[in-house]
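Data block below; observations after.
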Amino acid sequence: MTSGSRQEPGTAAWELLLPAASAPARSRGRSLQSALREAVRAGQLAPGTRLPSSRALAADLGVSRGLVTEAYEQLTAEGYLRSDRGAGTWVGGAVRKAAPGARDLAPRPVHARVDFIAGTPDLSLFPRAAWAAAHRGVLAELPHHALGYPDPRGLPRLRTALAELLVRRRGVVADPEAIIVCSGVAQATALLGFVLHARGVRTVGVEDPGSPQHGELFASAGVATVPVPVDDEGADIGVLREHGLRAVVTTPAHQFPLGIGYSARRRAGLLDWARSVDGLIIEDDYDGDFRYDRAPVGALQGLDPEHVAYTGSVSKSLAPGLRLGWLLVPESLTDEVVARKRMMDLGNPALDQALLARFVERGDYDRQLRRCQRAYRERRDALVAALDRHFPGTEVTGIAAGLHVIARLPGRWGPQEAFVRRAAAAGVALRPLSDYGSATGSGVCLVLGYAHLTPARIAEGMRLVAGAAQELDHARVQSTRR
């Protein structure tokens, strides 16, 4: 069918545009153009549709002919309409119907009654009142020029506040000039990946088991990863030497996911390796502020800031949606990392940085950490108690810090795959340790996150898992009898 065979929309166009014709006189022309444009985008006026003459449409709408003529001319110039001399005005064919709406690709938890996902904070603990007060204070005091493009390293005020915080809480060597404010640990890792690649580094070591995200981030920078086994003291330094590596990502204060703290001997050995090859240790201090039963282990960076790049964020202490973190880099890498950061995004939002600086300076951040520690300690204790009640004999490790534990169930509850599948059928999502790297022994070994769950939800989840496990055990016994 040719466009010439289409019928005029007649009253249809009048109905679509009538609300715009009722707009105030000053904005009526813009409203008419907007309504006509949206009708074409939405497919209400299909390509090839012939529009009424400007005189006829103006009469239908009760507006001046000039407004309609101007709207036709504007949308013709934009490509929404086309006009053939002496043949009228038509809907153009260049426009495609708009998508029904914006999709939300944010990560979502699996559909389960209880999900023991690891590493997720309780977002209901976000300090809304204190954050709002800091926001009002910043807006009142922030000079106009501070809303321009920021220093790509971050606002000096925030870098100074972070330096004082990290020296006090994590024992780092923190020069504000060497701190780069980032969009979380993910961007910090990617920045280092690009800089290492530019320096000729093509392979980086990552802990095994460890966070799958590290490998993905380095791959985006063109850098491959080599799994480095982790034992009860930390990463295997022999593997670093065997593969000739000059860079490795570690979580020495609270290894993810095993939950161990690197031993003093392994920390010293790791630093010796870095010095001997002039290498780089990337220290991901993802939950360094959460310690319950022991004094915090100081950051590795404090022992050798020229061979350790230190990174952390507020994702666990405040909320991951804030996208605020930090990276302390050796002096030899600072200029390259800052140049890459400038090219990547011209710096983090100035208002958000000023807000976090005020939040830290006034002690609100320390108060938030104490609040979270109290809540998470209670939830950890609830999980340990529930495991002891429903699965006596379970070995629970990694409980002194962080937001998750490792639970090795007695052998009778295996095999692991069947155990996890049966729990899922009961509405509980579990993740085995094997999901995070090489398998570590036989039996059921789980990584159980608890920070985002209330004690009541933790108890409910473990009760459901126990019921599912008993059904599995009963079915196994019946099968054996047959």
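Things to note:
- Some residue of the range 125-135 being surrounded by 15 or more Cβ atoms within 10 Å (Cβ to Cβ), touching a His at 6+ places or on another chain (Cβ under 8 Å) and either among the acidic types (Asp, Glu) or within 27 Å of Leu346 (Cβ to Cβ) (or both): no
- Per the listing Glu38, Glu15, Glu73, the residue uniquely at pLDDT below 80 and either surrounded by 11 or more Cβ atoms within 10 Å (Cβ to Cβ) or in a helix (DSSP H, G or I) (or both) is Glu15.
- Apart from one condition, Asp84 fits all of (1) more than 12 Å from Leu17 (Cα to Cα); (2) surrounded by 14 or more Cβ atoms within 10 Å (Cβ to Cβ); the exception is (2).
- Residues that are open to solvent by 10 Å² or more (accessible area, probe 1.4 Å) and either of a type in the set (Ser, Thr, Tyr) or part of a helix (DSSP H, G or I) (or both), drawn from the range 358-367: Arg358, Val360, Glu361, Asp364, Asp366, Arg367
- Filter result for Leu355 (farther than 30 Å from Gly154 by Cα and either open to solvent by less than 20 Å² (accessible area, probe 1.4 Å) or free of Cβ contacts under 8 Å to residues at least 12 places away in the same chain (or both)): no
- Subset of the range 199-255 that is over 16 Å from Leu433 (Cα atoms) and of a type in the set (Ser, Thr, Tyr) - its residue that is most open to solvent (accessible area, probe 1.4 Å): Ser220
- Within the range 412-425, the residues that satisfy the criterion of being under 30 Å from Ala375 (Cβ atoms), surrounded by 19 or more Cβ atoms within 10 Å (Cβ to Cβ) and of a type outside the set (Val, Ile, Thr) are Trp413, Phe419, Ala423.
- Within the range 409-455, tally of residues that are assigned to a loop (DSSP other than H, G, I, E, B), closer than 17 Å to Leu383 by Cβ and β-branched (Val, Ile, Thr): 2
- The residue pairs whose first member lies in the range 322-351 and is free of Cβ contacts under 8 Å to residues at least 40 places away in the same chain and over 17 Å from Pro305 (Cα atoms), whose second member is of a type in the set (Val, Ile, Thr) and open to solvent by less than 20 Å² (accessible area, probe 1.4 Å), and whose beta carbons are closer than 6 Å, counting only pairs six or more residues apart or on different chains, are Leu322/Val314.
- In the set (1) farther than 23 Å from Ser317 by Cα; (2) open to solvent by 30 Å² or more (accessible area, probe 1.4 Å); (3) in contact with a helix residue (DSSP H, G or I) (Cβ under 9 Å, 6 or more places away or on another chain), the condition left unmet by Leu409 is number (2).
- Looking only at the range 217-234, residues that are under 17 Å from Gly193 (Cβ atoms) and touching a residue at least 60 places away in the same chain (Cβ under 8 Å) come to 1 in all.
- Selection status of Gly269, open to solvent by 10 Å² or more (accessible area, probe 1.4 Å), in a loop (DSSP other than H, G, I, E, B) and under 19 Å from His307 (Cβ atoms): no
The values are calculated or read from the model by the stated rules, or taken from the named source; none is laboratory data. Fair warning: this is a prediction, and the values are worked out from it, not measured in the lab. As a convention, Cβ positions derive from the backbone with ideal geometry for all residues, glycine included, and neighbour counts pool all protein chains shown. Areas reflect the complete protein model, heavy atoms only, side chains present, ligands, DNA and RNA absent. Shrake-Rupley method; radii C 1.70, N 1.55, O 1.52, S 1.80 Å.
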